[in-house]
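Data first, discussion second: the structure below is written as structure tokens.
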Amino acid sequence: MNIGYARVSTTGQELEIQREMLISVGCSRIFEEKISGAKIDRPQLVRLLDHLREGDVLVITRLDRLARSTLDLLSIAERLNEVGAGLRSLAEPWLDTTTSAGQMILTIFAGIASFERSLIIDRTRTGREAAMRRGVKFGPKHSLNAQQIEHAMQLVGDGKPVSQIASLLGVHRSTLYRSLNRSMPELPTRVECAREVYD
């Protein structure tokens, strides 16, 4: 069974042309939506993929109506393959996974996407290492600045409870404990604090 998928990016565009093309190649059912291809959440596409059964062929007028990127296309094609369904694009006749030539093209795409992913990982790692050599620190920024930590240390020294200090600074107690432990390694552990004046 041929199942069609038609999509336009804005509500001002019409689906009529895509609908006619899909009907002309024998699509018995067509899923349509007006939504940007950049959006991850495409409800009608999700419904279509859930609807497909073994032997069905998903037909589209053009690749950009279905996938946002090569990786997106491969992800959809993999899902189709899992249920034994095919994929056919009217504007790109070389993409027809019901043929051996179409399957070969998709395999080449998968190899290119894998190569692209490895390049991105390598570039990211190289950039991160270079930044670390320059002294750039990664990870979440501390919630409290140096002045706030110093103020908190003074209050702890005055015997103020940590819960009260945390409330004053607008942070959770665990955040304050971490900040104090970085600045005051000799500060008692959390359990010890709970038994002393820091509660």
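The values are calculated or read from the model by the stated rules, or taken from the named source; none is laboratory data. These numbers come from a predicted model, not from an experiment. Positions of Cβ are generated from backbone atoms using ideal geometry, with glycine treated the same way; all protein chains shown enter the neighbour counts.
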When residues of the range 1-17 are limited to those that are closer than 19 Å to G86 by Cβ and either of a type in the set (A, V, I, L, M) or in contact with a Ser or Thr (Cβ under 6 Å, 6 or more places away or on another chain) (or both), the one surrounded by the fewest Cβ atoms within 10 Å (Cβ to Cβ)
M1
Return the pairs, sorted by first residue and then second, in which the second residue is of a type in the set (D, E, K, R) and surrounded by 12 or more Cβ atoms within 10 Å (Cβ to Cβ), the first residue lies in the range 91-116 and is in the same structural domain as L80 (by TED's automatic domain parsing), the beta carbons are less than 8 Å apart, and the residues are 6+ apart or on different chains.
A91/R62; E92/R62; L95/R88; D96/R88; T97/R88; T98/R88; G102/R88; G102/D96
If you go through the range 27-46 one residue at a time, do you hit one that is over 24 Å from the mean Cα position of the chain (by Cα), surrounded by fewer than 19 Cβ atoms within 10 Å (Cβ to Cβ) and in a loop (DSSP other than H, G, I, E, B)?
no
For D96, the lone unmet condition from (1) modelled with pLDDT of 85 or more; (2) of a type in the set (D, E); (3) farther than 28 Å from R29 by Cα is (3)
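For (1) touching a strand residue (DSSP E or B) at 6+ places or on another chain (Cβ under 9 Å); (2) farther than 29 Å from I76 by Cα; (3) small (G, A, S), each residue gets a yes or a no:
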residue	(1), (2), (3)
P93	no, no, no
T97	yes, no, no
M104	no, no, no
I112	no, no, no
E116	no, no, no
D122	no, no, no
G127	no, yes, yes
R133	no, yes, no
K137	no, yes, no
